[in-house]
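The values are calculated or read from the model by the stated rules, or taken from the named source; none is laboratory data. What you see is a predicted model; the values in this text were computed from it and never measured. Methodologically, a virtual Cβ is constructed for each residue, glycine included, from the backbone with ideal geometry; neighbour enumeration extends over all protein chains shown.
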Amino acid sequence: MANNEKSVADRLQRLEARQAIGDLVARYCFLLDQRRVAEVARLFASNGRYATVTPGVDVRGGDEIKNYFAGRFSVLGVTNHVVHQQIVEIADQQCDSAVGTVSSHAEICVDGKAMLVALRYDDSYIVEEGVWRFSERLMTFLYYAPVEGYAKAFLAANNLVPVRMPGR
């Protein structure tokens, strides 16, 4: 059956999946800002992976993910994570896996200093126990700058970071 011939039920299932994935990404931000690291870890599949391009963080599974974020937040003050654009491609007929790219930023406090951070996430999602979860979340920092140095950092940032565009 061609894409334009999918049943209404199939199309609805994909829309519901996209919404659930969007909610997953938003929930991640809110839980981070509330320091609910055990709940953040439960947003990942049982063998889920969280990694950063720089610096080289690579943790797998709920305990490692929870411990990573607990350690990270022990040195941070207030944070405000914000999601911007998100592209999602449902990867299969069963509608139980997907890939996506998320544009985001964070306002954070490090050692009493306000910072602005531009982030990009390359995600893989799966359904586990009937719930959409991250199977992999790879974060790239585009810039990480003090508020007063934002303009300089933004202008110096390499804005040509390769983006995994679903469907290409």
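Residue-level check: of (1) touching a residue at least 24 places away in the same chain (Cβ under 8 Å); (2) surrounded by fewer than 16 Cβ atoms within 10 Å (Cβ to Cβ), Asp33 misses just (2).
Of all the criteria given as (1) out of contact with any Pro (no Cβ under 6 Å at 6 or more places or on another chain); (2) modelled with pLDDT of 95 or more; (3) under 30 Å from Gln13 (Cβ atoms), the one not satisfied by Asn67 is (3).
Could you say which residue among Ser97, Ser46, Ser103 is within 19 Å of Glu136 (Cα to Cα), in contact (Cβ under 8 Å) with a residue 12 or more places away in the chain, polar (S, T, N, Q) and touching an Asp or Glu at 6+ places or on another chain (Cβ under 8 Å)? Break it down into steps so the answer makes sense when it comes.
Details: Ser97 fails: touching an Asp or Glu at 6+ places or on another chain (Cβ under 8 Å); Ser103 fails: touching an Asp or Glu at 6+ places or on another chain (Cβ under 8 Å).
From the options Ser97, Ser46, Ser103, the qualifying one is Ser46.
One residue stands out in segment 59-79 among those that are closer than 14 Å to Glu107 by Cα and surrounded by 13 or more Cβ atoms within 10 Å (Cβ to Cβ): the one that is farthest from the chain's Cα centre (by Cα), namely Gly77.
Residues considered: Ser97, Ser103. Of these, the only one that is small (Gly, Ala, Ser), over 15 Å from the mean Cα position of the chain (by Cα) and at pLDDT 95 or above is Ser97.
Does Gly167 meet the test of being modelled with pLDDT of 95 or more, out of contact with any helix residue (DSSP H, G or I) (no Cβ under 6 Å at 6 or more places or on another chain) and on the phi > 0 side of the Ramachandran plot? Step through it out loud before you land on a result.
Details: modelled with pLDDT of 95 or more: no; out of contact with any helix residue (DSSP H, G or I) (no Cβ under 6 Å at 6 or more places or on another chain): yes; on the phi > 0 side of the Ramachandran plot: yes.
Answer is no for this residue.
Take the conditions (1) closer than 18 Å to Cys109 by Cα; (2) surrounded by 16 or more Cβ atoms within 10 Å (Cβ to Cβ); (3) under 15 Å from the mean Cα position of the chain (by Cα); Val25 misses just one of them, which is (1). Count of segment 9-19 residues, restricted to those that are buried (at least 16 other Cβ atoms within 10 Å of the Cβ) and either in contact with a Phe, Trp or Tyr (Cβ under 6 Å, 6 or more places away or on another chain) or without any contact (Cβ under 8 Å) to a residue 12 or more places away in the chain (or both), is 0.
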